[in-house]
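Everything on this sheet refers to the single structure shown next.
Each reported figure results from applying straightforward, stated rules to the coordinates on display, with no laboratory input. The model shown is predicted, which means the values in this text are computed figures rather than measured ones. Here the Cβ is made from the backbone with ideal geometry for all residues, glycine too, and neighbour counts use every protein chain on show.
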Amino acid sequence: MSSENGKRLLETDAGCLNFEATELTLGLPGEPRVTSDGGAKLGSKRGFSETVDLKLGDNSQEVKLGHSLQEAAKSPASKTQVVGWPPVRGFAKRGKKSCKYVKVAVDGAPYLRKVDLEIYNSYQQLLTSLEDMFSCFTIRNYLNEKQIDQVNGIEYMPTYEDKDGDWMLVGDVPWQMFVESCKRLRLMKSSEAVGLGLKTAPKYSSTN
Amino acid sequence: MAEQMSDDDERQQSPPSDLDFTSNKARTCIVTGSVSGHTEFQSPYPDQVLENVLENVLHFLTSRRDRNSASLVCKSWYRVEALTRSELFIGNCYAVSPTRATARFTRVRALHLKGRPRFADFNLMPPDWGAHFNPWVLAFAKACPWLEKVYLKRMSVTDDDLATLAESFLGFKELVLVCCDGFGTSGLAIFVSKCRQLKVLDLIESEVSDDETDWISCFPEGESHLESLIFDCVECPINFEALERLVARSPSLKKLRLNRYVSIGQLYRLMVQAPQLTHLGTGSFSPSEIAGQGDQEPDYVTAFAACKSLVCLSGFREIIPDYLPAIYPICANLTSLNFSYANITAEQLKPIISNCHKLQVFWVLDSICDEGLQAVAATCKELRELRVFPVDAREDSDGPVSEVGFQAISEGCRKLQSILYFCQRMTNAAVIAMSRNCPDLVVFRLCIMGRHRPDHVTGEPMDDGFGAIVMNCKKLTRLAVSGLLTDKAFDYIGRYGKLVRTLSVAFAGDSDMALKYVLEGCPQLQKLEIRDSPFGDAALCSGLHHYYNMRFLWMSSCRLTHQGCQQIARAMPRLVVEVIRSPDEEEMDDCVQTLYMYRSLEGPRNDAPKFVTIL
């Protein structure tokens, strides 16, 4: 059921992309695509709020494959989850917040993706997941445009549109507040982001 | 008299307008009229008079079992029964084709269809297996234009189907979709805009895709006939202003269940418009914004107090427990309370539940712990149905509820008829106690979430507990077992479970004997669903005498082989034997991953996907 959900929400003109690798999954980055009961798969209670670790811009804004995958991914359940057991209906996620899907656009990409913000606990996790999702595209560009240096790839600024329709830099507000107010995400090329009207000064410094 | 004659003829051609399946008062006069000796009555067709009488009498038959019996008496009865059946129930949509159904029952007003088997809800069946509503809606559109009500469970319905429904049936009144999928908000928009007589739109635990269409705005302007609007499962934001206007112009609205995108402030505004509600689903039950602290909170308590007819309360999808006291005024009237989305503690539950003396149906999360269940047992003496769901649905998580709460319930709620209980640990003693304290049990579903888990005090299998249930609960028709179970448990079931119609088995039993006991012992068995149990071909064969009496048999991850299933298929031509595998798996060995078989008048279906092999 979960994987079915993912497929349906994908707006894509996938074309020649490696579909498997970029397939939207309802799971934390790095977890295998096990079809399992929704509640079980998402692991233990997620109510806690992490302090936002704003290391986002420490070195750079680049969106590259995460070094922080271990930190980001919550440790999976100690036992292997059996498909469909216990028999609690997947889409009746009881006692937990259900999905909050937002569209993610990447400048230059021909398709949109959707992510469920509810499955992440921090900016770190979200960005790592986005890196995974769009890594293929990033790599392609890197192959085409040879002037991009190998370490950095193309720089993207993660931005989002909030409830009031303003475009903000991701990372400005506490995570929960971000989840509540985010309507859509856009990974903007850094060069274009310069002209972006920002409501508040970003907490992390711009790169380079 | 000739006049009388022609009246009757007319009635036979067009459907009676007052026909419903509970009563038919207008017809009684005709019975007396034609039977009470009008001696000048010249009837060239005495049979026709009898048929008229029969028709009038059969209108009063509502139970489908009675109707099925009546239809077997003779051809005349068969014909008349078919003409007078207004509600058509089909428990397996593949058991009969839409064409056959519409050919026999031409005056159906209500259609009740069930599709996928229940285990499909737990990802045990690949998507796109089937159960499409499409051929049904098309057949009925052609043959039964007086259809007013459709109830579907576990079927795939497309937006086009919804459009067809709305366009083909002018007087369409009620649509209830339970555990369905395949449609979205666009389909809903078309449906509600064209159904001018709509009274009921109930979407229950269905998957509705978000096409970002504002379907609430599509209800026609002017006074609406809406009596029930249930959309708590719809996972997309709705246009609240449009909803508010809709509620304001629906004076007959009795049931309203909101989705989690409706905040408590918005709920307040709706309740003020509709104090006549009997059933309310509260939506999120939390405020929409974190900010806005200075704003005055509406008087929720008064709003609830004004709803004097409220008997059924649900929702609380994102509850902030601080707001719970708002419902105090109506607790004493409640007969049904659904807290199964509310992660609340025993302390938060107690002030509520201690006032719910009339409660008959209670659904809750195990976050209330044994202590919460004890509070329920102390007050809810009228409780008929209890469902306790896990917050954390994993095998090795902490179990906030156990045999302690379970036993307390059995001691306090003696009138219990139906229980669904998820837990991590249980004892035979507690289950035996319930079998004695609650003799009225009709539905007993215990899910010990750890596979093969024994009685946690004695270390014994759970055989005796379930044995006691089938022995002592003489009205039991539905049973779901769990925990460590040997063949002995199934021996008990076969021996004492004489009324059992539905049985669910998972990770249980030692050998084929277990399944044999059940198939040979339970004459009323109709629905049998088994997963991950060591039952093989020999066991399967022991049910040959009974499979035509069953609606279906499901066996997944057992020990069946293609050969074994093939044998069954050959022996029973009216059985459709489906072997289902995962879509990405090739047909490797002789092992059968999933067997789903059911009786059918139609033979193999023509819409089976590639991963289904029909033997």
Quick one: of B:K142/B:K194; B:K474/B:K527; B:K114/B:K610; B:K142/B:K254, which pairs are farther than 26 Å apart, Cα to Cα? B:K142/B:K254
Shielding by partners, peptide B:113-123 (average Cβ within 10 angstrom, other chains): 4
Picking from B:A305, B:T282, B:A346, whose Cα lies most toward the positive end of the charge dipole for region B:271-396 (charges on Cβ: Lys, Arg +1; Asp, Glu -1)? B:A305
Which of B:V442, B:A429, B:V457 sits closest to the plus end of the dipole of region B:394-467, meaning its Cα is farthest towards the positive end, when Lys and Arg get +1 and Asp and Glu get -1 on the C-beta? B:V442
With only alpha-carbon atoms counted, please give the Rg and Dmax of region B:367-414, in Å. 11.1, 34
Please compute, for the alpha-carbon atoms of region B:280-404, the extent along each of the three principal axes and give them in descending order in Å. 45, 32, 20
The size of the Cβ-based charge dipole (Lys, Arg +1; Asp, Glu -1) of chain B about the Cα centre, to the nearest 20 debye, is 2100 debye
State, as an integer percentage, the relative contact order of region B:468-615 based on alpha-carbon contacts under 8 Å between residues 6 or more apart. 18 percent
As an exercise, use a Förster radius of 41 Å and the Cβ-Cβ distance of B:A141 and B:D47 to find the FRET efficiency, rounded to the nearest 0.05. 0.80
Farthest positive-ward along chain B dipole, Cα basis, beta-carbon charges - from B:L256, B:Y496, B:S367: B:Y496
How big is the charge dipole of region B:290-443 about its Cα centre, in debye rounded to the nearest 20, if each Lys and Arg gets +1 on its Cβ and each Asp and Glu gets -1 on its Cβ? 760 debye
Can you tell me, using C-alpha contacts under 8 Å and at least 6 residues apart, the relative contact order of region B:39-190 as a whole percent? 17 percent
Could you work out the relative contact order of chain B, using alpha carbon pairs under 8 angstrom and six or more residues apart, expressed as a whole percent? 6 percent
I'd like the Karplus ³J(HN,Hα) series for region A:171-179: coefficients 6.51, -1.76, 1.60, θ = phi - 60°, whole numbers in Hz, and an x wherever there's a Gly or Pro. x, 5, 10, x, 3, 4, 5, 4, 4
A correct Karplus calculation of ³J(HN,Hα) over region B:300-309, with 6.51 cos²θ - 1.76 cosθ + 1.60, θ = phi - 60°, whole Hz and x for Gly and Pro, returns 5, 4, 5, 4, 5, 4, 6, 8, 6, 9
Please quote Rg/Rh for region B:146-292 to two decimal places, taking the Kirkwood radius as Rh and restricting both calculations to Cα atoms. 0.95
Residues whose built amide H sits under 5 Å from the amide H of B:T561, excluding neighbours closer than 5 in sequence, are B:D537, B:V592
For a quick check: with amide H placed at 1.01 Å from N, whose amide H comes under 5 Å from B:H59's, ignoring anything fewer than 5 positions away on the same chain? none
Cα-centred dipole magnitude for region B:64-114, charges only on beta-carbon of K, R (+1) and D, E (-1), debye, nearest 20: 60 debye
Measuring from the lowest to the highest alpha carbon on each principal axis, how far does chain B reach, largest first, in angstroms? 81, 70, 51
What are the ³J(HN,Hα) values, in whole Hz, obtained from phi via the Karplus relation 6.51 cos²θ - 1.76 cosθ + 1.60 with θ = phi - 60°, for each residue of region B:134-145 in sequence order, with x given for Gly and Pro? 3, x, 5, 5, 5, 5, 5, 4, 6, 9, 10, x
Sorted largest first, the C-alpha extents of region B:405-512 along its principal axes in whole angstrom are 35, 29, 18
So for chain B: antiparallel DSSP bridges make up what percent, rounded to the nearest 5? 15 percent
